[in-house]
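*Asks:* There's a structure below that I have some questions on.
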Amino acid sequence: MFLSLTLTTSKPILLILDGHTSHRRVRTIELAISNGSVWLCILPHSTYIFQPRDITFFKSIKHKYHEILAEYILLLKLFQSTAINKVNIIKGFIATAIYPLDKSAIKNNRLHLRVNQKGLANLAHT
């Protein structure tokens, strides 16, 4: 892919590699030489020296990405768990007498109407 994207680029092209063994294949080196690429191979596992953004900027982005991903996975597991199911949701409506509606289940003595300074009514639960 690199070669096809650099066909019209003036040569030589400096290509900085991290010294990983995958970059040292004979065919890859032959292609690079025949297409006017000059390689600068740095020591393996030393890219952090030459890429300060990886130490600060991208490190914090990567950390936040992993936090968000972990939260998403936890939520996904929660919603796929047996804790959230149709029966529990229906039981909640029945227990609060919302559906089917059961007016006698609402304890009137526990609800009080309060009027604030602006004259607006609020229901307060005691």
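*Asks:* Within region 54-66, does at least one residue satisfy the condition of being among the acidic types (Asp, Glu), at pLDDT below 90 and under 37 Å from the mean Cα position of the chain (by Cα)?
*Replies:* Checked region 54-66: at least one residue is among the acidic types (Asp, Glu), at pLDDT below 90 and under 37 Å from the mean Cα position of the chain (by Cα).
*Asks:* Continuing with this model, one more query. Might you check whether a residue that is modelled with pLDDT under 85 and farther than 30 Å from Leu5 by Cβ occurs anywhere in region 69-88?
*Replies:* yes
*Asks:* Which members of region 87-103 meet the condition of being polar (S, T, N, Q) and not in a helix (DSSP H, G or I)?
*Replies:* Selection gives Thr96 alone.
The values are calculated or read from the model by the stated rules, or taken from the named source; none is laboratory data. This structure is a prediction, so every number in the text was calculated from the model and none was measured. Here Cβ is always computed from backbone atoms with ideal geometry, including for glycine, and neighbour counts include all displayed protein chains.
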